[in-house]
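Reading through the structure tokens given below for one structure.
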Amino acid sequence: MKDIRLSMLKTIALVLIGLALFLFFISLLEPVFITEDKPVKGYWIFVMGWMGFAIFQFAWYANLLSLLAVLLMFTRPLSAFLLSLFSLLLASESFLFDEIPLGSGKASIAIIGNDIGLYLWIGAHCAVLYAAVLMLIRKKMIDHDLATQRFKRKPPKRIEINSKP
């Protein structure tokens, strides 16, 4: 008989992945950073963020780690958990940004504060992490069930003693 908890964990994990996608795409449309001139929208950060490695800002790469975690979640849940945890830690580097470089020797734009887009983006990474945790729990439950089936105690064989010589 199939355990309903296993299918519930998988369903909830899929819902969390859907929530992560929703939060990610909404964060692209919302302002992420507040500057003196105008707010910076998420799509601009998404398009230009890959160049952050040049100035040691690696938070954009959390997107790739979360994507990889989602792809590995159903086959290798422990790897997905570790990737999503590292992804969330890497994404939290965004809170340390104090300026946006313009490149080619121009001055940078000072960041005054964070806006809703940043929190939605962080929430997307949290949803991926929670989904990975659920899939890891599901894997441990399956492993436990297999182990108990494999090592189930069998009734001892009866020893028959013939009283006749």
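Restricting 81, 74 to those that are aromatic (Phe, Trp, Tyr), buried (at least 18 other Cβ atoms within 10 Å of the Cβ) and within 19 Å of residue 137 (Cβ to Cβ) reduces the list to 81. Might you let me know whether region 109-119 holds any residue that is part of a loop (DSSP other than H, G, I, E, B) and not β-branched (Val, Ile, Thr)? Among the residues of region 109-119, at least one is part of a loop (DSSP other than H, G, I, E, B) and not β-branched (Val, Ile, Thr), which makes the answer yes. None of 86, 25, 33 is at pLDDT below 95 and either more than 21 Å from residue 139 (Cα to Cα) or in a helix (DSSP H, G or I) (or both) except 33. Could you count how many residues in region 1-22 are within 19 Å of the chain's Cα centre (by Cα) and at pLDDT below 90? Looking only at that region, the number is 0.
Only one of the numbered conditions (1) among the hydroxyl-bearing types (Ser, Thr, Tyr); (2) closer than 15 Å to residue 127 by Cα; (3) without any contact (Cβ under 8 Å) to a residue 12 or more places away in the chain is violated by residue 75, and that is (2).
Taking region 97-113 as the range and being over 16 Å from residue 37 (Cβ atoms) and either at pLDDT 90 or above or of a type in the set (S, T, N, Q) (or both) as the test, only 104 passes. Taking the criterion of being touching a helix residue (DSSP H, G or I) at 6+ places or on another chain (Cβ under 6 Å), over 21 Å from residue 120 (Cβ atoms) and either aromatic (Phe, Trp, Tyr) or in contact (Cβ under 8 Å) with a residue 12 or more places away in the chain (or both), the residues of region 79-99 that qualify are 80, 81. Among the residues making up region 50-67, those that are touching a residue at least 12 places away in the same chain (Cβ under 8 Å), crowded, with 16+ Cβ neighbours inside 10 Å and either assigned to a helix (DSSP H, G or I) or within 10 Å of the chain's Cα centre (by Cα) (or both) are 59, 60, 61, 62, 63, 65, 66. Scanning region 15-48 for residues that are farther than 24 Å from residue 130 by Cβ and not hydroxyl-bearing (Ser, Thr, Tyr) gives 31, 33, 34, 36, 37, 38, 39, 40, 41, 44, 47, 48. Residues considered: 80, 110, 62, 91. Of these, the only one that is in contact with a Ser or Thr (Cβ under 7 Å, 6 or more places away or on another chain), aliphatic (A, V, I, L, M) and closer than 30 Å to residue 131 by Cβ is 62.
The values are calculated or read from the model by the stated rules, or taken from the named source; none is laboratory data. Just so it is clear, the structure is predicted and the values come from calculations on it, not from any experiment. Backbone-built Cβ (ideal geometry, glycine too); neighbour counts: all protein chains shown.
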